[in-house]
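The values are calculated or read from the model by the stated rules, or taken from the named source; none is laboratory data. Remember, it's a predicted structure, so these values are computed and weren't measured experimentally. In this analysis, Cβ positions are derived from the backbone assuming ideal geometry, glycine residues included, and neighbour counts consider all displayed protein chains.
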Amino acid sequence: MVQKLLSYKKIIICTCAAVAVIAVAAIILLSNKEESYRSIMVYDVEGSAVIERASVGTMDAAENLYLESGDRVSVAADSGMRMKLDNDKYVMAEAETIFSVEAEGTDADSRTKICLEQGAITNEIQNPLSEGSQFETSTPNSVMAVRGTIYRVELCTDENTDNEEMITKLCCFQGQVGTKPILPDGSFGEEVMVPAGSELTVNQDGTVSEIRDIAYDELSPQAVVNLLTMMENGQEMTGISAADLMQMTSETEDVSETAESENTQTELPETAQAEPDSESDAETDTQIHTAVGKEKNVDKKQPPKEQEQAAPQPPTPEKKPPKPAQPENKGGTGNGNSGGGDSHNDRPDSDQGEDDQPEEPDEPEKTPEPKVYKVTFLYQGEVFATQSVKSGKTASAPVLVPEADGAWDFDFKKKIRANTTVTWKGGQ
């Protein structure tokens, strides 16, 4: 009987121990599940974008807004958006781009997939992925996988085909990208490795073009600005320098400003007086400890001086030559005082008008105001301040500093030609 009681006690003790082990395991699993949450944050919005989420519907994208796996993003025309994943992965979406994002797992086995439906995105994976992790970008006819690199994917139409078939254009700026074409039957073709400084095209039928050097001059202005920003933050690109990208940005600005100037002159009679005080805007506008607002270009409407230049051109002065006939009558009639007085009064007015009128066209044509770029100051990965700086001008260090020791890692004598990010370098 005593032995049976001891056996029962042992069984009870073992059962309690097993329950305790299961409880501890459950707690560990729940803790790991909380830690497995993937951070997907809207880092920057220029213009507007819309987020579609199955549980809530649609909502406007805003900086510091956290996304969920499965969200669908639509970027509007003349807009752009940047996302930050896990603090070391960035997705930069250009205008008129539509994509969805899937992110699961932990640092040890993270799985990220960007499904591009339209437009173009540039991906920056700053740190090499772990052995069990993957980062993919997919389009209707290809899938691209990387471990740590910078690359751009564009989904566009092939204008050389009769029915304008959809093609995928891949550019690898750093590292290498492996791409697999999706064949018409849904299977995958052979993987092709694209090295840094190279690009290729995947056609709609799954065929792949030859690997060639990146045609940087064919990139969109937004893509050039994104590359320049990354290079200013310490990244290196193969086949291009920061100076070359800066030159491309300047040339794009010149073409854009010229086109906008021509369009503005056409609309001048209706819009010239809309904003006569546009020149009084400050060159820089600093916001400390605030969320970065939507970036807007300065309105390049021509000031009223353009309207004054246009005024001297009516045909009225050209119809005044008949007036010299009055001096001829002065001699013939003898009414010198009357005729001479009229001629004397008319001629100075006419001369004065003719002298004043040519002076207006000689005045230099008013050039459109330069674009305004955003300078973002980051402290420990968070936005500390922002500045709006006109193209070609220099940024200034914020009046406040995040800490006593350290400095902003940036040369403030450098002229701003693109959106720029400046980080704080703490003291040693």
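Inspection of the range 90-108 identifies at least one residue that is modelled with pLDDT of 90 or more, within 26 Å of VAL224 (Cβ to Cβ) and of a type in the set (Asp, Glu). When THR229 is tested against (1) in a helix (DSSP H, G or I); (2) in contact with an Asp or Glu (Cβ under 9 Å, 6 or more places away or on another chain), just one condition goes unmet, and that condition is (2).
Can you say whether GLY206 is in contact (Cβ under 8 Å) with a residue 60 or more places away in the chain and part of a loop (DSSP other than H, G, I, E, B), as far as the supplied structure shows? Break it down into steps so the answer makes sense when it comes.
Details: in contact (Cβ under 8 Å) with a residue 60 or more places away in the chain: yes; part of a loop (DSSP other than H, G, I, E, B): yes.
Answer is yes for this residue.
Filtered by the rule that a residue be within 15 Å of PHE99 (Cβ to Cβ) and crowded, with 16+ Cβ neighbours inside 10 Å, the range 142-165 gives SER142, VAL143, MET144, TYR151, ARG152, VAL153, GLU154, LEU155. Looking only at the range 362-400, residues that are modelled with pLDDT of 80 or more and in a loop (DSSP other than H, G, I, E, B) come to 10 in all. Of the residues screened, TYR66 is not one that is within 23 Å of CYS172 (Cβ to Cβ), among the hydroxyl-bearing types (Ser, Thr, Tyr) and either more than 12 Å from the chain's Cα centre (by Cα) or surrounded by 21 or more Cβ atoms within 10 Å (Cβ to Cβ) (or both).
Looking across the range 124-145 at every residue that is within 13 Å of THR106 (Cβ to Cβ) and among the hydroxyl-bearing types (Ser, Thr, Tyr), the one that is modelled with the lowest pLDDT is identified as SER130.
Starting from residues that are part of a strand (DSSP E or B) and touching a residue at least 60 places away in the same chain (Cβ under 8 Å), keep the ones in the range 82-122 and report whichever is nearest to LEU155 (Cα to Cα). Write out each step before concluding.
So in the range 82-122, the residues part of a strand (DSSP E or B) come out as 82-85, 89-93, 98-104, 111-122.
Still in the list and also touching a residue at least 60 places away in the same chain (Cβ under 8 Å): 92, 101, 103-104, 112, 120, 122.
Values: MET92: 14, VAL101: 16, ALA103: 22, GLU104: 25, THR112: 19, ALA120: 6, THR122: 12 Å.
Selected residue: ALA120.
On the stretch given as the range 224-239, residues that are of a type outside the set (S, T, N, Q), under 20 Å from LYS415 (Cα atoms) and in contact (Cβ under 8 Å) with a residue 12 or more places away in the chain total 7. For the range 72-111, a tally of residues being of a type in the set (S, T, N, Q) and surrounded by fewer than 21 Cβ atoms within 10 Å (Cβ to Cβ) returns 4.
Each row is one residue, and each column tells you yes or no for (1) part of a loop (DSSP other than H, G, I, E, B); (2) in the same structural domain as ALA77 (by TED's automatic domain parsing); (3) in contact with a helix residue (DSSP H, G or I) (Cβ under 7 Å, 6 or more places away or on another chain).
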position: GLU124; (1), (2), (3): no, yes, yes
position: GLU131; (1), (2), (3): yes, yes, no
position: MET144; (1), (2), (3): no, yes, no
position: PRO184; (1), (2), (3): yes, yes, no
position: MET193; (1), (2), (3): no, yes, no
